[in-house]
Amino acid sequence: MKKFLLPLLALVVGASLVSCDEQPRIYGAEPLEISSLRQWERVHRPTIYDFFEKEVYGRMPEKQVPIRYELLSEGEALGGKAVRREVAMHIEGMATPVPILMYIPAAAEGAVPAFLGMNFKGNHQINPDPEITISVNAPKGEELGSDPERGAATSRWPLELLMDNGYALVTIYRGDVDPDFDDGFQNGVHPLFYAEGQSSPAAEEWGTIGAWAWSLSRVMDYLETDKDIDAERVAVIGHSRLGKTSLWAGATDPRFAIVISNDSGCGGAALSMRKHGETVEAINKNFPHWFCDNYNKYSNNEEALMVDQQGLLALIAPRPLYVASAVEDDWADPEGEYLSALYASPVYELYGKKGLASPMPAVDSPMMEGDVAYHIRKGGHDINLYDWTQYVKFADKYFK
Ligand code: GCU
């Protein structure tokens, strides 16, 4: 008899822990003070996750499509410092494969940690390396104001720094997964998942950011099979709209061991309810394809959000998180990005991790003592060597 008593007691206590907080409250834009880790994991986390899925980024499809990975090319690069590898990700039904571009430190012995991030303008723009295959879907001419030149985004991808510190870089081009304009979701990966008769995602189904994040997970599937990469030490990183993407990828896929958001702003790290800089209304109007349809409910109605963006950051806990801003990037609301990371910190503390300290640090004084890191640097909306230098330092804490 006695041996049944203990489990019974545990059950009763467990149930009451949950029932006293069953009704998820409206969290607002405030610190996520949750009474226990158990409460967080059993009640709050699933509720908040559900909210971001159905109301913000849209649910990713449950259905799977066959994906095949094919080695395209491999060679010495960066004057012998790196091995360049290109792998085609063939997603069944897509007109063109998604080329995965990798640089792996040549000096490495065994599997190395990696940074994985999407690029804005095509793989061939991340470095002047003439061997990088030109992205076939890259903008030509006026589109997005870009040019198709090799190496045009070199300053955003400091390969030397990464190779010298023993990190691989893995990148794909956003336009190869889902072109960044509103075409009613006729191109890109969305149509592959439509049910019979469906021609656009339902109100709670994924938009473009969701598709981009999904594709980063499909790259991760490949990395798990690449013997030169340690898939348990992969940091997912992104700048701006691709920072929103890295956060959602980090929240939805626990295989990303570190999550980095650079100047991600509205719909990324920044709190929406402050309405400072870009607003939900502005982002939905200018980029109607980024979020799910349900997100339109919050245009000019931020108070109705069940939780602000600190909830998204908290979904990444206990994995290390780095949020960064730039002084002149008022559109992305640096203070809102900092506060959001601060307000997510109590959840990290539930796991025995160290959250972000207060007050907001001075310019060019990174705060990375804890597991939630933050910096604000001088200059404008961009990702540069200064930013990457901090991310490498932060990654070293966990990966070295
Ligand atoms: C625009 C947009 C931002 C976005 C940025 C970018 O400024 O309003 O939300 O982050 O583009 O991706 O560079």
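Bear in mind these aren't lab numbers, they're just calculated from the coordinates by the rules spelled out. Only a predicted model underlies this, so the values are computations on that prediction, with no experimental measurement involved. So basically every Cβ, Gly included, is an ideal-geometry build from the backbone, and we count neighbours across all protein chains shown.
Could you give the size of the charge dipole of segment 67-399 about its Cα centre, using +1 on the Cβ of each K and R and -1 on the Cβ of each D and E, expressed in debye and rounded to the nearest 20? Don't skip to the answer; put the middle values down first.
On the way: 26 positive and 49 negative charges, 106 e Å.
Computed about the Cα centre, the dipole is about 500 debye.
Find the relative contact order for the chain and round it to a whole percent, using C-alpha pairs within less than 8 Å whose residues are 6+ positions apart.
Working: 857 pairs, mean separation 67.5, N = 400.
It rounds to 17 percent for the chain.
For segment 67-399, give the share of DSSP beta bridges that are antiparallel, in percent and rounded to the nearest 5; count only bridges with both residues there.
45 percent
Taking the beta-carbon count within 10 Å as an exposure proxy, list ASP330, ASP263, ASP178, ASP129 from fewest neighbours to most.
Fewest-to-most Cβ neighbours within 10 Å comes out as ASP330, ASP129, ASP178, ASP263.
Evaluate the distance, in nm, between pseudo-label points positioned 7 Å from the Cα of GLU281 and of GLU369 along their respective Cα→Cβ axes.
4.2 nm
For segment 67-399, go through all pairs of different Cα atoms, get the mean of 1/r, take its inverse, and jot down that Kirkwood value in Å. If you can, show how the numbers build up before the last one.
Values: mean 1/r = 0.0500 Å⁻¹.
Across segment 67-399, the inverse of the average 1/r is 20.0 Å.
In terms of Cα to Cα distance under 23 Å, which lysines are near enough to LYS378, apart from those fewer than 8 places away along the same chain?
LYS244, LYS275, LYS393
May I ask you to list the residues of segment 164-181 whose amide nitrogen lies under 20 Å from a point 7 Å from Cα along the Cα→beta-carbon direction of ILE67?
So the set is 168-180.
Taking the chain as a Gaussian network, where each spring joins two C-alpha atoms under 10 Å apart, which residue of GLY379, GLY110, GLY210 fluctuates the most?
GLY110
With each pseudo-label sitting 7 Å past Cα toward Cβ, what's the ALA106-LEU385 distance in nm, one decimal?
In this crude label model, ALA106 to LEU385 measures out at 2.1 nm.
Give, to the nearest whole percent, the P(r) tail of segment 210-308 beyond 17 angstrom, counting all Cα pairs.
Here the tail beyond 17 Å accounts for 54 percent of pairs.
If you count, for each residue, the other Cβ atoms within 10 Å and average over each peptide, how do 116-123, 73-80, 381-388 line up from highest to lowest? Could the numbers behind the result be given before it?
Values: 116-123: 24.6, 73-80: 13.1, 381-388: 18.8.
Top to bottom by mean Cβ count within 10 Å: 116-123, 381-388, 73-80.
Per-residue counts of other Cβ atoms within 10 Å, averaged by peptide: what ranking do you get for 45-53, 253-261, highest first? Before the final figure, lay out each step's value.
Working: 45-53: 17.9, 253-261: 22.1.
The densest-packed peptide leads the list: 253-261, 45-53.
Indicate the gyration tensor shape class of segment 295-356 (rounded, prolate or oblate), computed on the Cα atoms with a ≥ b ≥ c the square roots of the eigenvalues: a/c under 1.5 is rounded; otherwise a/b larger than b/c is prolate and the rest oblate. Working shown, then result.
Details: a/c = 2.78, a/b = 1.32, b/c = 2.11.
The shape class here is oblate.
If you find the alpha carbon centre of segment 72-94 and of segment 216-265, how far apart are they in angstrom?
18 Å
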